[in-house]
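Here is the structure we will look at.
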Amino acid sequence: MNIRLTETVTLHPLVLPARADAAASPRFLEYADVRNRSIRDVTGRDDDQMTPRELLPVLRSSADTTKLQWAITVDDEMVGVAPLSILGDDEGKTAILVVSLLRSFWGRGIGAATLPHLEMAAYAAGVRRLLTWVEHPASEDAPLASPTGFGEIPKDHAARFLLRHGYTLEQVERVSTLTWSDPLVQRIRNLRASAADQASGYRVVQWKLPTPDEHVAGYAWMKEHMSTDVPDAELGMPAEKWDAGRVARHDERYIQRGTTVLVTAAQHIATGELCAYNELAIGGDPTAATHQEDTLVLASHRGHRLGMLVKSAGLLTWHEQHPDSPTVITYNAEENRPMLDINEAIGFAPIAYEGAWKKELT
């Protein structure tokens with residue numbers, strides 16, 4: 001049901017089409033366009049852009065996450081999008097909410113009119129904790145320090161908006177990029193060789209999604225630990241349970257999007273256990289930026305430079321297979337110094353910072 005927020009602003013639940021090609025509903029195609037433009041208005045980059053085909057599987061609910069979306073209109077013109085993802089791992093008590101408006105409509109009170117209705121919808125669905133991640137470009141605004149003691153963001157219009165509405169900054173994430181060059185390739189080769197020397201009891205294994213049967217159990221175990229072992233500050237992200245079914249759903253979502261994912265893992269030779277992994281992903285455009293997604297070393301196998309091993313091995317294979325992708329982008333908590341050390345040694349450089357925000361609903 002559409003909700004009239006003001007005389008001109010309306011909130012429209014988005015009904016997902018069966019397909020995302022030219023036969024898709026005009027409203028969905030407009031939603032995809034407004035999503036992309038509103039992100040670009042903040043970041044100035046295209047690395048998070050998605051075609052309608054890529055976006056549709058992301059918006060669909062699964063056994064692990066319930067997805068809801070709204071379009072925000074002013075006088076029937078779509079000016080913003082608001083997706084809500086309710087996480088199933090803690091019985092739906094935690095959700096991720098985004099309100100994204102086109103820059104030309106900032107400062108008109110549209111976000112302030114929209115947010116309370118979205119929070120009420122989340123609360124009615126059983127959500128008690130809302131999380132949101134917002135990029136805060138460099139500005140002349142006063143700094144707002146992370147409560148973790150690592151990193152800061154400017155207290156810009158987005159930060160002031162969230163603070164006014166009861167959200168607290170919990171963590172700062174660094175956005176970093178790697179730009180390919182011949183000297184960089186040689187540097188990564190050297191780092192891989194050095195890491196391999198210190199990981200003599202391990203071998204590198206690689207696969208592209210879908211995950212081969214022999215690696216499903218190990219991949220699920222590592223993905224489960226990814227949800228608990230990375231720095232979480234006080235966000236309260238729920239611990240995830242992974243099994244073969246969840247791995248299959250995860251893989252299928254990427255495949256439906258037309259996204260290629262390379263997983264590079266370290267395998268303990270004596271036991272066959274998978275104990276570290278890195279993921280690299282790209283959509284259908286071979287000239288687009290690559291996304292470095294999860295990287296994890298299981299706690300029981302740390303101290304053997306496995307993080308550097310899987311990252312460097314993955315990047316070298318990736319660059320051979322996707323030479324037209326000019327950059328790699330990745331996100332890390334500012335307090336995750338071990339992973340930042342690896343990224344910096346490889347050649348990643350910071351380009352932006354995100355705030356991770358939380359609101360407890362009562």
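Just a few scattered comments:
- Counted residues, segment 293-335 - those being surrounded by 15 or more Cβ atoms within 10 Å (Cβ to Cβ), touching a Cys at 6+ places or on another chain (Cβ under 8 Å) and not in a strand (DSSP E or B): 3
- The set of residues in segment 56-77 that are touching a residue at least 60 places away in the same chain (Cβ under 8 Å) and either in a strand (DSSP E or B) or among the aromatic types (Phe, Trp, Tyr) (or both) comprises ALA71, ILE72, THR73, VAL74.
- The set of residues in segment 200-225 being farther than 30 Å from ALA248 by Cβ and either within 29 Å of the chain's Cα centre (by Cα) or modelled with pLDDT of 95 or more (or both) consists of GLY201 alone.
- Residue in segment 230-243 that is of a type in the set (Lys, Arg), part of a loop (DSSP other than H, G, I, E, B), surrounded by fewer than 16 Cβ atoms within 10 Å (Cβ to Cβ) and touching a residue at least 24 places away in the same chain (Cβ under 8 Å) present: yes
- If you go through segment 124-142 and keep only what is acidic (Asp, Glu) and surrounded by fewer than 17 Cβ atoms within 10 Å (Cβ to Cβ), you end up with GLU140, ASP141.
- Looking only at residues in segment 20-52 that are basic (Lys, Arg) and farther than 15 Å from LEU101 by Cα, the one that is modelled with the highest pLDDT is ARG45.
Per-residue answers, yes or no, for (1) part of a helix (DSSP H, G or I); (2) outside the structural domain of VAL74 (by TED's automatic domain parsing); (3) charged (D, E, K, R):
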{"position": "THR10", "(1), (2), (3)": "no, no, no"}
{"position": "VAL15", "(1), (2), (3)": "no, no, no"}
{"position": "ASP21", "(1), (2), (3)": "no, no, yes"}
{"position": "ALA32", "(1), (2), (3)": "yes, no, no"}
{"position": "SER38", "(1), (2), (3)": "yes, no, no"}
{"position": "GLN49", "(1), (2), (3)": "no, no, no"}
{"position": "GLU54", "(1), (2), (3)": "yes, no, yes"}
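- As for segment 276-286, it holds no residue that is within 27 Å of THR94 (Cα to Cα) and part of a loop (DSSP other than H, G, I, E, B).
- Verdict on GLY88 being of a type in the set (Gly, Ala, Ser), closer than 30 Å to ASP243 by Cβ and surrounded by fewer than 20 Cβ atoms within 10 Å (Cβ to Cβ): yes
- Taken over segment 1-50, the criterion of being among the polar types (S, T, N, Q) and either in contact with a Gly (Cβ under 7 Å, 6 or more places away or on another chain) or within 24 Å of ALA158 (Cα to Cα) (or both) is satisfied by THR6, THR8, THR10, ASN36, SER38, THR43, GLN49.
- Qualifying residues in segment 266-315 (those that are basic (Lys, Arg) and at negative phi) - the one modelled with the highest pLDDT: LYS311
The values are calculated or read from the model by the stated rules, or taken from the named source; none is laboratory data. These numbers were taken from a predicted model, which means no experiment stands behind them. For neighbour counting, all protein chains shown are included, and Cβ atoms are generated from backbone atoms with ideal geometry for every residue, glycine included.
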